[in-house]
Amino acid sequence: MRRHRREACSPIHLMREAFTLEQLQELWAKLNLRYFRGTLPAVDIEWSPRLTASSGMFVSRIGPRTRTTGSADPPPGGRLIRLSLPLLQRQSDQEILSTLAHEMIHQWQFDVLKKRPNHGSDFREKMAAMNRDGLGITIRHDLDDAVRALAKYAWRCLRCGRVYERQRRTIRPRHHQCGACRGQLRELV
C-alpha cells in the first residue's frame, strides 16, 4: 500500500500534457498530502496573463495569524497561487510542477509556520526534502531570457552603462539611481 501511494505522488505520475486549473488543483492536493501532510489550507490557483516578472507568486489577502471561521479553509479569496501564463506556457511540465511546489513552500511558511514567506533556511530545508524525490525546485528559475523578451522599457546608467529592463515603467530617473554605482539613469527609447 505504501509503495502504491509513493508511485501515485511521484512527479512523473503527476505530469500531464497540459495543466488545466482543475489539474493544477489536483496536483496541489497530492503535493499537499505528500510533502505537507495535508496541513495547507485550500488555495485558489490561477494562470495570470499579467505576471511577467516571475514564474509564480503566493498571495494572501489576510494575515498568517488570522483565525478562520472554524473551518480549515480560509475565507474565499484569502489565499492565491498565481502562475505566469506568458513565462510558463512554453515550459515543460517539470518547470510548472517545480514552480507550483516553490509557491506551496511559501504558502507553508505563511500558513503553517506563521512567517512571512522568504527563501531562508526553513524554505531551503523543505525544498531540499522535496527535491530528494526529483521535483527540481529552485530559488531562481532559468527563465531570464523569457522575462527579458517581455520587457517593454529599459533604462541605462549614464556612468557605468548598466541596463535595467522592466515590463512596466516603474523606474523614475528623477527618483531612482543605478544600484551599482549610484549614477543617473536615462530611459532608452
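Derivation of every value follows stated rules applied to the coordinates shown; laboratory data play no part. Here the structure is a predicted model, which means the values were calculated and not measured. Positions of Cβ are generated from backbone atoms using ideal geometry, with glycine treated the same way; all protein chains shown enter the neighbour counts.
Points worth noting:
- Here is the P(r) of the stretch 72-136: all C-alpha pair distances, binned every 5 Å from 0, give 4, 16, 23, 22, 19, 13, 3, 0 in whole percents.
- A straight Cα-to-Cα reach below 18 Å connects residue 126 with the lysines 30, 114, 115, residues fewer than 8 places away in its own chain not being considered.
- Annotation: the residues 43, 59, 112, sorted from fewest to most other C-beta atoms within 10 Å of their own C-beta, follow the order 112, 59, 43.
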